[in-house]
Amino acid sequence: MLSLHHSEFRIPNSEFAHPKPSRPRYSPAKKAAVAGLMAALTLALSFVERMLCAALPLPPGVRPGLSNVAVMFSCIALGLPFALAIILVKAGFVMLVSGVYAGIISVSGGVLSVLSVALLARFAEKKLSFTGISVVSAVLHNFGQLTAASLLVGSALYLWMAPVLLISGVVFGAVTGMLLNAVLPALLKIVPKVENFEGK
Amino acid sequence: MTERLKLKKADVLLICFLLAAALALLLLRGGGDALTAEVTVAGETVERIDLKAVTSPYDLTLENGVRLHVEPGGISFCYSDCRGQDCVRCGVLTRAGQAAACVPNKTLVVLTGKPPKGAPDAISS
Amino acid sequence: MERLKRVGLIVLPLCLALLVSACGGADRSVSGASFAMGSVLTARVYTQKTEGTPLLGEIYAAAAALDGKISATDPSSEIAVLNAEGRGACGEDTLEILRSSLSLCDALNGRLDITLGAVTSLWGFASDTPRLPSAEEISAALVTKGTRKVRLENGAVTLGEGQKLDLGAVGKGAGCDAIRTVLDGVGVPAVISFGGTVLLYGQKPGGAWNVGVRDPFGGQEDYFATLSLQPETASDALFISTSGSYEKTFTENGKTYHHILNPDTGMPADTGLAAVTCVAENGLTADALSTALFVNGLNETSLGWVGQYLVGAVFVFADGRVYVTDGLRTAFTLTNDAFTLTDAYD
């Protein structure tokens, strides 16, 4: 029988959740393995996103944030520390491709975004669905990046972009949130032995 | 398994609030119908170009080696020695509120809707 | 309570946005450009698009209408007909311009002369092929000038024998006056530049108007100083006009000729000045004085005229010295140190 541990992060009220959701504790090894998978998924999504950006006429600074799907799931399923690690991996990747500064910007956005997911998932689970959390995390991701870029460039003028980033954060945040809803079953398959999430 | 878009009341409120905030910021920013490109390097404004007054395209090379391409109603990064080339890949900025930056070179180009500050309202000639 | 919260969350930012746009909308303006009297007319009106765009249209229309009446090049204009026939009927607007101009010509010792049309057409500055007329041609044409020969009665104007009017020195100023009338009807702050003659209407939101003074030795957008000006009330206006030897020039046999003629000699005026800028409360006056002062040079008489007709004037000598009259000393700021301020006038 599954022991009912009260785990740190609970999945917000969704159809997949049992009225009293709880997850079995995984072994650290298992978690690390899943985290590795999630990191790979994040990078893959990030790559796809880059190609998407090149193909579509998007204004500068606006990102679909596809990798956020994996990051959010990791934060909720695996916990904040692992999510942060994944953020670092992604930032490292960005650093290799685009340089140190780009990496710093990526980390800023990612950390802020993940923190918000963690906080919201814990405290606002009854009120917000994945979509809402995703919107907030996307907006904060953009602002984290914008602030870091402003500091690095040395000019507050960058904040002129704020309205655009707010709107794109809302739009793409909603999109990724709905994406997460859609792919959740597939993702949950990666974390088996979580019988609570099947059926209902 | 059925997929449902689980939009809650709070979600909708949140989205409305954020969009309204964006609207407020846009209105705050003001709608001038001039088009000025403000180029800053390390926080210091080095160029203010009235893009509406540009009659023929030209290239502007900054002290840090970054080259900007200025054309009537638009400006873009055309060369930079940075790694990621995010700035160059941004393309041409043509509307107020757009911005592009080369972070390694600390160069930022922002388009505003206000006429270049310090420029006279008119020149008597 | 729940309902209230929900409504509040949406309404509050919207209210804030509206509030901010209401008081922070000071920078809102509409600008545009058009063409009249052979020059570019640019206008910026400080109001939102719904009011501003039709207002711009009215401004362009006013300039075009006046152009239609006083244009030297449009053969159907009242002035053109007058010049061709020696007499013609003129509307009240044109008559008013003629009356004011003629009285200024007399008051300014003939340094301004709108009856020099026969001489200026010899030079052909308005055409694509200006030329240096011979001395005989000029003296023959000079005979036709004279304000006394112009008769204004009952809406009709009669000119002297062979006489032609040239309103080039006052046309843009008169155009600005017409535009000022349009603005009086609407009452929004505006800045107009009509071929280099500037109209400042009302009080610019956020500070005084900033007008550049053209650098006579530089390009079209170069200015060597600025004038910080602010009309006294929202319905007052200031007009700035500059006359200089840098406009409409041509070179023949190594000598450069400019278009501001000395009415006595029919040759380009040469008093050591490169440009004169005048600030007045009336457009035609500013335009007229800038020409007259350029022709007269900087001397006691000129300064007397400045005191009588203008807010102030800036005289720029060919050697880079600049003389600013008292009325503009506080408003004037030199921005190019290749020029030097002087108190002396010779």
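The values are calculated or read from the model by the stated rules, or taken from the named source; none is laboratory data. Given the structure is predicted, the values throughout are model-derived calculations rather than measurements. Neighbour counts are summed over all protein chains in view; Cβ atoms, including those assigned to glycine, are modelled from backbone coordinates with ideal geometry. Side chains are part of the model used for accessible areas, which takes the heavy atoms of the whole protein and leaves out ligands, DNA and RNA. Shrake-Rupley method; radii C 1.70, N 1.55, O 1.52, S 1.80 Å.
Under the 0.36 nm per residue contour assumption, what length would be gained going from the current alpha-carbon distance of C:Asp264 and C:Glu58 to full extension?
In short, 70.2 nm is gained.
About the Cα centre of chain C, what is the dipole size in debye to 20, counting +1 per Lys and Arg Cβ and -1 per Asp and Glu Cβ, all else neutral?
Roughly 1000 debye for chain C.
Run the numbers on segment A:28-189 and let me know its relative contact order in percent, using alpha-carbon pairs under 8 Å that are six or more apart.
Reported relative contact order: 23 percent.
Of C:Ala84, C:Gly110, C:Gly124, which is farthest towards the positive pole of segment C:73-158's charge dipole, taken about the Cα centre with +1 and -1 on the beta-carbons of Lys, Arg and Asp, Glu respectively?
Farthest along the dipole direction, towards plus: C:Gly110.
Using a basic spin-label model with each label point 7 Å from the Cα along Cα→Cβ, how many nm lie between C:Phe250 and B:Asp50?
The two pseudo-label positions are separated by 3.1 nm.
Calculate how steeply helix C:300-309 sits against the longest principal axis of the alpha-carbon atoms of chain C, using the helix alpha-carbon long axis, and give the answer as 0 to 90 degrees to the nearest 10.
Tilt of helix C:300-309: around 40 degrees.
First measure r as the distance between the Cβ atoms of A:Val100 and A:Val171, then evaluate 1/(1 + (r/R0)^6) with R0 = 35 Å and state the FRET efficiency to the nearest 0.05.
0.70
Please get the size of the charge dipole for segment A:28-189, origin at its Cα centre, with Cβ charges of +1 on Lys and Arg and -1 on Asp and Glu, quoted in debye to the nearest 20.
For segment A:28-189, the charge dipole is close to 340 debye.
Run the simple label-point estimate for C:Thr233 and C:Ser134 please: 7 Å along Cα→C-beta, distance reported in nm.
Distance between the two pseudo-spin positions: 6.0 nm.
Quick one: what are the phi-derived ³J(HN,Hα) couplings along segment C:278-293, Karplus 6.51/-1.76/1.60 with θ = phi - 60°, whole Hz, x for glycine and proline?
Once rounded to whole Hz, the list reads 10, 10, 9, 9, 9, x, 4, 4, 4, 4, 4, 5, 5, 5, 4, 5.
Cα gyration tensor of the protein assembly as shown, axes a ≥ b ≥ c as square roots of the eigenvalues: rounded (a/c below 1.5), prolate (a/b > b/c) or oblate?
prolate
State in Å² the accessible area per residue of chain C; use a 1.4 Å probe, count heavy atoms of protein chains only, and round to the nearest integer.
44 Å²
Say we join alpha carbon atoms closer than 10 Å with springs in a Gaussian network model of chain B; which of B:Ala101, B:Ala24, B:Ala42 then has the biggest fluctuation?
Of B:Ala101, B:Ala24, B:Ala42, the most mobile in the Gaussian network model is B:Ala24.
Between segment C:70-128 and segment C:140-192, how many Å separate their Cα centres?
Using only Cα atoms, the two centres lie 6 Å from each other.
Take A:Lys127 and C:Arg87, extend 7 Å from each Cα along the Cα→Cβ direction, and tell me the distance between the two endpoints in nm.
If labels sit at A:Lys127 and C:Arg87, their model points lie 9.0 nm apart.
Got a sec? What order do B:Ile15, A:Ile167 fall in by accessible area at 1.4 Å, biggest, i.e. largest, first?
A:Ile167, B:Ile15
Classify chain C as rounded, prolate or oblate, taking a ≥ b ≥ c as the square roots of the eigenvalues of its Cα gyration tensor: rounded when a/c is under 1.5, otherwise prolate if a/b is larger than b/c and oblate if not.
prolate
Let me know the charge dipole size of segment C:47-125 about its Cα centre in debye, to the nearest 20, where only the beta-carbon of Lys, Arg (+1) and Asp, Glu (-1) is charged.
160 debye
If you rank A:Leu166, A:Leu115 by how much accessible surface each has, with a 1.4 Å probe, what is the order from largest down?
Putting A:Leu166, A:Leu115 in descending order of accessible area: A:Leu115, A:Leu166.
Give the separation of the Cα centroids, segment C:241-277 to segment B:30-95, in Å.
40 Å
Work out from phi, with θ = phi - 60° and the Karplus expression 6.51 cos²θ - 1.76 cosθ + 1.60, the ³J(HN,Hα) of each residue of segment C:62-78, listed in order in whole Hz, and give x for Gly and Pro.
Result, ordered by residue: 4, 5, 5, 5, 5, 4, x, 8, 10, 4, 7, 8, 7, x, 9, 6, 4 Hz.
Average partner chain C-beta neighbours within 10 Å, per residue of C:261-268?
That works out to 0 on average.
What FRET efficiency would be calculated for the residue pair C:Arg99, B:Tyr58, taking the C-beta separation as r and a Förster radius of 41 Å, to the nearest 0.05?
Taking R0 as 41 Å, the efficiency between C:Arg99 and B:Tyr58 is 0.25.
How about segment C:91-167: which GluC sites (Glu not before Pro) there are in a DSSP loop, with at most 13 other Cβ atoms within 10 Å of their Cβ?
Those satisfying the criteria are C:Glu161.
I need the trypsin sites (Lys or Arg not before Pro) found in segment C:98-201, filtered to DSSP loop residues with at most 12 other beta carbons within 10 Å of theirs.
none
Looking only at other chains, what is the average number of their beta-carbon atoms within 10 angstrom of each beta-carbon in A:128-140?
Per residue, the number of nearby Cβ atoms from other chains is 4 on average.
Residue by residue through C:235-243, how many Cβ atoms from other chains fall within 10 Å of the Cβ on average?
Partner Cβ neighbours, averaged per residue: 1.
Starting from the amide H of C:Asp215, placed 1.01 Å from N in the peptide plane, find each other amide H under 5 Å away whose residue is 5 or more places distant or on another chain.
Residues meeting the amide H criterion: C:Asp222, C:Tyr223, C:Phe224.
Tell me which GluC sites (Glu not before Pro) from segment B:40-100 have a DSSP coil assignment and no more than 15 other beta carbons within 10 Å of their own.
Here the sparse-neighbourhood loop sites are B:Glu63.
If ligands, DNA and RNA are left out, what is the accessible area of A:Met178 with a 1.4 Å probe, given in Å² to the nearest 10?
Surface accessible to solvent at A:Met178 totals approximately 70 Å².
Classify chain B as rounded, prolate or oblate from the Cα gyration tensor: take a ≥ b ≥ c as the square roots of its eigenvalues, call it rounded if a/c is under 1.5, otherwise prolate when a/b beats b/c and oblate if not.
oblate
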